[in-house]
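Q: Below: one structure in structure tokens.
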Amino acid sequence: MTRQLMTMPLIPVRGIVIFPYMVLHFDVAREKSIAALEAAMQNGQMAFLATQRDANENEPGAEGIYTVGTVARIRQMLRLPQNYVRVLVEGLYRAELASLDTDGAYYSCQVHQIRSLRRGLTATDTEAARRVIDRLFTEYLQLNPRANGDVYRTIAAEADFGKHLDFLASNFFVRTADKQAILEEKNVAERARKFIVILESEVEVLRTENHITSQVQENLAQSRKEAYLREQLQVISRELGDDFEEDIAAFEQKIYTKALPEEVRKKAEKELLKLRRQNPSSPETAVTYTYLETLLEMPYGIRSIESSNLKKAARILERDHYGLEKVKERLLEYLAVRKLAGDMKGQILCLVGPPGVGKTSIVKSVAEALGREYVRISLGGVHDEADIRGHRKTYIGSMPGRIADAIRRAGTENPLLLLDEIDKMGTDHRGDPAAALLEVLDPAQNHTFRDHYLEVPFSLENVMFITTANVADRIPRPLYDRMEIIDIAGYTEEEKLEIGMRHLLPKTIESHGLAGKKVTVRRDGLRSIISHYTREAGVRQLERELAHLCRRIAARVEAGAEGITVTARNVEELLGKYKFIRDMETGKDEIGTASGLAWTAVGGETLRIEVAVMDGDGKIQRTGSLGDVMKESVSAAISFIRTRAHTLGIAPDFYKTKDIHVHVPEGAVPKDGPSAGITMATAIASALSQRPVAGHIAMTGEVTLRGKVLPVGGIKEKLTAAHRLGKRTVLIPAENMRDTEELPATVREALEIIPVSHMDEVFAHALLSQDPVAVQDMAFMTAKASTETLHANRGE
């Protein structure tokens, strides 16, 4: 029998299968398909619709299109925006592709009609198949509430069994392959068999799905959504498996591939066995999971390759920091010994200095020079021992201590850990963190350091510890004894100038978007900022003032200004009024006033001592928020002056006839310490003898009852402050002369440093000969004050 071939356009469709007698619409966007539609509209409105094997293929060839499709009539075409065409088609009959031409403007094909065969299909067979399908669909509709039962009942009334099967497949089957299998089957009996097999498979899938849902519902507690989702995931995991098992497998792999010590491996295996036995939704599971994850992240056996190139280390330190020569020298010595000895157990460095002098940044440079990972641990405000040793994992929210966590974050056994602000730890009822640090920093103990959370040892012997502090006296003594102290004093004005020009200014200009904007800050302008807007040992305030300056300049640049140059003359215009006016009384000699030197947490400062002597009955008044030690220094100074009254030309009974008032300005600031002893003695002697004190001299030292000058601390900071404030001569205890070796060369050259060991030497240098005019003025002022006091007492 010769088959009649029909030539017509072919439209490949994606994701759908067109059946005979089926009416539907779909969108067409491909140029060839649109051309095929237009050709069909001109040729009896007939086209062959065949499904693509791969829906993602844009221009399928002959092998990419199913050979069995449906000849359909194009009933309507509607052009949409963006070159889309919506088409309404009606399936007519099955057809098979005989030939295909893909080279033209559209797909053209020859097809022949496929007629359904009913061989071997009796009325009994048809009725039996209908009943089986009806039974399966009844269960299908029960298991799948989303299926439309009305559609099925409408289709079930179709008398033609072949059409009946086609309608059911097109409306209820999900997979394209299943629909295509029904379309390709010519024999209605075989089509019914395939249909029943596919339908039974769909029903089985729905049974499994409903079985999972029913198991979830059996374990559902109080209809809580969270519990429902958790139980559903649990049932699905039993049926299909999920990430929980994958995580357990990953933990197991890490346990047997990482170089763990035997004790750690046994602990990890025990916890993994516990995790396997736990319900994934149990709260205890989360605790065990987190513990295993943390334990296996600890870098057992992982080390950074340490660099021993001292020249490279010196270059990095010089690149990142100006000045601090003694500190750099000490650090390079430390690194040299590490290179030669190979092991430096017990060497814990502590950098002590005021804020902003570069303690933290120089440690970071050391880590870079060594090639070690750098982790900073801030200990400021820590007052709980568990912050160091960790919390036991039985507690809710427990976590490892800061030491273990820092090593975990570093990822190596030999990082450089910076324990910052070690002098600012506290203590309370929860324990003493300083005591916990003793084990961490003690090389005899830290090779078996046990964090309370991890419960297994981790060796800290390869960790390099460096600590920082602002004040060494506040470091707990047991910790202090385990560390080598490196003092970092404040910067001189010249050092600040170089740091500003080399580091701070370029960084600040770039960060404020002024690079390339012709902005220039001259050295005299920067020096003026340092002198009149900052008073600190470090450079943090200087950095803030430079940022302020750049903001002002940026505003002017945006307003159209070009070529801005900052000099000493226009600094005040840009930054506002001077914050500090330097005390430059280098040539002014005064009676009863002496300049001392004091140490503060932010560097050295001058301390003016003022003394007034009035007629009275020997009262001594001390004001200016003085501490007990300073008050005792006043008493010691007066007692010594009584022994030298004749030599100084003072009346021997002044302690009976004169009232002495000692005042230290800036009364809101508490002051204490013995180093102002010789300054107070000089000021009191000056006021009593009416001999002025040389204004260009500053001094520091403790005084005894016998007039000896004892050594004091903070010499470098104090002499740096004297230089900064314009003093030319400084008197210091003779025993402190060795401390002057650490002074910057600019300070040593600018100051005349005179060692003294007795107050007689101090008086010889500081007290000038009597000035008749000054004596007359002082007598007048004393008489006036006495008269005013007398009138006040009388109520006049």
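The values are calculated or read from the model by the stated rules, or taken from the named source; none is laboratory data. No experiment lies behind these values; they were computed from the predicted model shown. Methodologically, a virtual Cβ is constructed for each residue, glycine included, from the backbone with ideal geometry; neighbour enumeration extends over all protein chains shown. Just so you know, the surface numbers come from the protein's heavy atoms only, side chains and all, with ligands and any DNA or RNA stripped out. Shrake-Rupley method; radii C 1.70, N 1.55, O 1.52, S 1.80 Å.
Q: How far apart, in nm, are two points set 7 Å out from the Cα along the Cα-to-Cβ line at ARG135 and at GLU742?
A: Going by the 7 Å Cα→Cβ label model, 10.0 nm.
Q: What are the principal axis extents of the Cα atoms in the chain, in Å, biggest first?
A: Principal axes ranked by extent give 150, 69, 69 Å for the Cα atoms.
Q: Can you tell me the relative contact order of the chain? Whole percent, Cα pairs under 8 Å, sequence separation 6 or more.
A: Reported as a whole number, the value is 7 percent.
Q: Using packing as a proxy for protection, rank 265-277, 384-396 so that the peptide with the highest average count of other Cβ atoms within 10 Å comes first.
A: Output ranking for 265-277, 384-396: 384-396, 265-277.
Q: If the label point is 7 Å along Cα→Cβ of ASP473, which residues in segment 408-439 have backbone nitrogen under 20 Å from it?
A: The answer is 421-427.
Q: Could you tell me what percent of the accessible area of the chain is made up of carbon and sulfur, with a 1.4 Å probe and every protein chain present?
A: 49
Q: Modelled label-to-label distance, LEU24 and THR520, 7 Å Cα→beta-carbon offset: nm?
A: Placing both labels 7 Å beyond Cα along the Cβ direction yields 7.9 nm.
Q: So, one more: Specify which residue in the list GLY624, VAL539, ALA72 is farthest towards the positive end of the charge dipole of the chain, using unit charges on the beta carbon of Lys, Arg (+1) and Asp, Glu (-1), about the Cα centre.
A: Of the options given, the answer is ALA72.
Q: Here's something else I'd like to know. Cα atoms only: what Rg and Dmax, in Å, come out for segment 660-715?
A: Reported Rg and Dmax, both Å: 12.1, 32.
Q: Per the Kirkwood formula on distinct C-alpha pairs, the Rh of segment 494-606 is how many angstrom?
A: 15.5
Q: Quick check: the angle from helix 772-794's long axis to the longest principal axis of the chain, C-alpha only, nearest 10 degrees?
A: The two axes meet at around 80 degrees.
Q: Now, a different point. Might you tell me the accessible area per residue for segment 309-387, computed with a 1.4 Å probe and given in Å²?
A: 44
Q: Which entries of LYS588/LYS631; LYS328/LYS496; LYS364/LYS727; LYS312/LYS359; LYS517/LYS577; LYS258/LYS328 have Cα-Cα distances beyond 29 Å here?
A: In this structure, LYS364/LYS727; LYS258/LYS328 exceed 29 Å between Cα atoms.
Q: If you take the Cα atoms of segment 635-759, find Rg, then find the Kirkwood Rh from the mean of 1/r over all pairs, what is Rg/Rh?
A: Reported Rg/Rh, Kirkwood definition of Rh: 0.99.
Q: Ranked from highest to lowest mean number of other Cβ atoms within 10 Å per residue, what is the order of the peptides 461-467, 505-511, 682-688?
A: 682-688, 461-467, 505-511
Q: Give the calculated FRET efficiency between LYS186 and GLN142 to the nearest 0.05, with a Förster radius of 51 Å applied to their Cβ-Cβ distance.
A: 0.95
Q: Calculate how steeply helix 523-533 sits against the longest principal axis of the alpha-carbon atoms of the chain, using the helix alpha-carbon long axis, and give the answer as 0 to 90 degrees to the nearest 10.
A: 80
Q: Could you grab the relative contact order for segment 461-572? Cα pairs under 8 Å, six or more apart, rounded to a whole percent.
A: Rounded, it is 32 percent for segment 461-572.
Q: What's the local net charge at ALA637, with K and R +1, D and E -1, over the other residues with C-beta under 13 Å away?
A: +4
Q: Could you check the simple spin-label distance between GLU218 and MET41, using points 7 Å along Cα→Cβ, in nm with one decimal?
A: Inter-label distance under the simple model: 6.1 nm.
Q: How far, in degrees from 0 to 90, does helix 715-724 lean away from the longest principal axis of the Cα atoms of the chain, to the nearest 10?
A: Orientation of helix 715-724: about 90 degrees from the principal axis.
Q: Cα to Cα, under 25 Å, and not fewer than 8 places away if on the same chain: which lysines meet these conditions relative to LYS194?
A: Of all the lysines, those that pass the test against LYS194 - Cα under 25 Å, at least 8 places apart if same chain - are LYS163, LYS179, LYS186.
Q: Which whole-number value in Å³ per residue fits the convex hull of the alpha carbons of segment 306-411?
A: Looking at segment 306-411, the number lands at 135 Å³ per residue.
Q: Can you tell me the FRET efficiency between THR360 and ASP247 if r is taken as the Cβ-Cβ distance and R0 is 30 Å, rounded to the nearest 0.05?
A: After rounding to 0.05, the efficiency reads 0.20.
Q: Explain nothing, just compute: Karplus ³J(HN,Hα) = 6.51 cos²θ - 1.76 cosθ + 1.60, θ = phi - 60°, for every residue of segment 38-44 in order, whole Hz, x for Gly and Pro.
A: 5, 5, 5, 5, 8, 10, x
Q: Oh, and also: To the nearest 10 Å², what's LEU767's accessible area with a 1.4 Å probe?
A: 10
Q: Let me ask something else about it. Helix-only estimate, please: 222 nm mean residue ellipticity of the chain, summing -39500 (n - 2.57) across DSSP H runs of length 4 or more and dividing by its residues, to the nearest 500.
A: -13500 deg cm²/dmol
Q: Estimate the FRET efficiency between MET6 and ALA128 by the formula 1/(1 + (r/R0)^6), using the beta-carbon distance for r and 41 Å for R0, to the nearest 0.05.
A: Efficiency for this residue pair is about 0.65.
Q: If you don't mind, there's one more thing I want to ask. Quick check: net charge around LEU78, other residues with Cβ under 10 Å of its Cβ, Lys/Arg +1 and Asp/Glu -1?
A: Around LEU78, the surrounding residues sum to +1.
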